[in-house]
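Student: So that we are looking at the same thing, I have put the structure below in structure tokens.
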Amino acid sequence: MAKRKRRPQIDPPPSPPVQRGLVSPMRTVPAAIERPDYALTGVPSDRQARAIRTPDEIDAMRVAGRVAADALIEVGRHIRPGITTEELDRIGHEAMVAAGSYPSTLNYRNYPKSLCTSVNEVVCHGIPDSRKLADGDIVNVDVTAFIGGVHGDTSATFLVGEVDEASMELVRVTREAMHAGIGVTGPEARIYEIGRAIEGVALPLGYSIVREFIGHGIGDQFHTSLQIPHFYEKRNDTVLLPGMTFTVEPMINVGSHRIGMWDDDWTVVTQDLQRSAQFEHTVLITEDGHELLTVPADGVPAEVLFADVRLGVDPTPTASTAD
Ligand code: MF3
Ligand code: CO
Ligand code: CO
């Protein structure tokens, strides 16, 4: 990759702040689909999860990861200026249900939707609503599927129409930062190496890294106690071991790392209203390195398929033209 210079100054955000829309009632999931423990109550079990997955769990996680990755791509194919995030939620919900999975976010701690849509200055956990995506928006779609007793969690930031160059660069750097973080994982690596690698990509270019939301262990529980910061923290020196499964999901900001929260108690935004991007994969530590678990059936993940694609302007990619 060509050397990029640190951005000399930060321009005002290219669009006005995101306006919230109306949130439709919760969707239902057919009774035949297996549900996670919190589906009825909204409260996940707080039992301590094992750090190492069994071979059967790992097989199941490849399936859950594939279902989530396929649903994410299906949503991506429908993104264009004018579509509502509510409609993206419906598409993702139906894709996950059609594959026999439960959309993990649905009623997780009472979250009301089947995926998260985080637009522009929204950092994460944006709730799909009646707002239409506007030409020039960026939107992160975060999809988690539960099937076979385990979860798979993946997200990508998509370009809606004619996105400005600064936002395109933010999205590129965030994708590169996620892959840099994943790239250092393997047996005997320490958790802080992940954050150090992400910082190595994002900080020299003048971006900041969100601190309050981090990657997490994942398996039969959506979020386990294993913590994966996206910044260097020396005391996070846990050694990675084969069979561990966790997410790497950096949120990278154009301006300050500081965040705020909407009064819906979910939507996390940058304090300075500058844009934020995010990508996420679920990762398995293997005997000789790592394996991405959130890979779609045809092998080309959303962040590759849709890289630099301005949806609604450029032709929508198909897997066969991506390779
Ligand atoms: N998928 C998100 C993550 O990466 C979590 C969403 S939880 C929700 O961890 F409740 F906000 F949906
Ligand atoms: Co996620
Ligand atoms: Co996650």
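FYI, it's all coordinate maths here, none of it is from the lab. Source: prediction; values computed, not measured. Positions of Cβ are backbone-derived with ideal geometry, glycine not excepted, and every protein chain shown enters the neighbour counts.
Student: How big is segment 38-83 on each of its three principal axes, counting only the C-alpha atoms and giving the largest first in Å?
Tutor: Result, largest extent first: 44, 29, 16 Å.
Student: In bins 5 Å wide, starting from 0, what share of all Cα pairs of segment 166-323 does each bin hold, as a percent?
Tutor: That works out to 2, 9, 17, 19, 20, 16, 12, 5, 1, 0, in percent per bin.
Student: Residue by residue, what Karplus-based ³J(HN,Hα) values in Hz, rounded to whole numbers, does segment 275-283 have, using 6.51, -1.76 and 1.60 with θ = phi - 60° and x for Gly and Pro?
Tutor: With coefficients 6.51, -1.76 and 1.60, one gets 6, 9, 10, 7, 10, 8, 10, 9, 10 Hz.
Student: While we're looking at this one, here's another question. Taking the Cα-to-Cβ direction at Arg190 and at Asp59 and moving 7 Å from each Cα, how far apart do the two end points lie in nm?
Tutor: Result: 3.7 nm between the two label points.
Student: Further, regarding this structure: How many angstrom lie between the C-alpha centres of segment 200-232 and segment 31-64?
Tutor: With segment 200-232 and segment 31-64 each reduced to a Cα centre, they are spaced 21 Å.
Student: Between Ala166 and Ile52, with labels modelled 7 Å along Cα→Cβ, what's the label distance in nm to one decimal, could you check?
Tutor: About 4.9 nm separates the two model spin labels.
Student: Can you compute the charge dipole magnitude of segment 55-312 about its Cα centre, using +1 on each Lys and Arg Cβ and -1 on each Asp and Glu Cβ, nothing else charged? Give it in debye, rounded to the nearest 20. Each step should come with its number before you reach the end.
Tutor: Numbers: 19 positive and 39 negative charges, 52 e Å.
So the magnitude is around 240 debye.
Student: Let me ask something additional. Residues with amide H under 5 Å of Ala189's amide H, sequence separation 5 or more or different chain, H placed in the peptide plane at 1.01 Å from N; which?
Tutor: Distant-sequence amide H within range of Ala189: Leu240.
Student: Estimate the FRET efficiency between Val313 and Asp11 by the formula 1/(1 + (r/R0)^6), using the beta-carbon distance for r and 30 Å for R0, to the nearest 0.05.
Tutor: Working: r = 22 Å, r/R0 = 0.72.
Between Val313 and Asp11 the formula returns 0.90.
Student: Given H placed on each backbone N at 1.01 Å, which residues far from Phe158 in sequence or on other chains put an amide H within less than 5 Å of it?
Tutor: Amide H to amide H, under 5 Å and 5 or more residues apart or across chains, Phe158 pairs with Val139, Asn140, Val141.
Student: Test of understanding: what is the full-extension gain from Glu34 to Glu233, defined as 0.36 nm times their sequence separation minus their Cα-Cα distance? Show your work: numbers first, answer last.
Tutor: Working: separation 199, 0.36 × 199 = 71.64 nm, distance 3.81 nm.
Once the chain is fully extended between Glu34 and Glu233, it gains 67.8 nm.
Student: Give a residue-ordered list of calculated ³J(HN,Hα) values for segment 138-150 (Karplus: 6.51 cos²θ - 1.76 cosθ + 1.60, θ = phi - 60°; whole Hz; x for Gly, Pro).
Tutor: 10, 9, 8, 10, 10, 10, 10, 10, 10, 7, x, x, 9
Student: Any number yet on Rg/Rh for segment 55-312, C-alpha, Kirkwood?
Tutor: Values: Rg = 16.7 Å, Rh = 17.8 Å.
Rounded to two decimals, Rg over Rh is 0.94.
Student: While we're here: Can you list residues from other chains, or at least 5 along the same chain, whose modelled amide H is less than 5 Å from the amide H of Val123?
Tutor: Under 5 Å from the amide H of Val123: Val268, Val269, Thr270.
Student: Taking springs between alpha-carbon atoms closer than 10 angstrom, which of Thr282, Thr144, Thr270 fluctuates most in the Gaussian network model of the chain?
Tutor: Thr270
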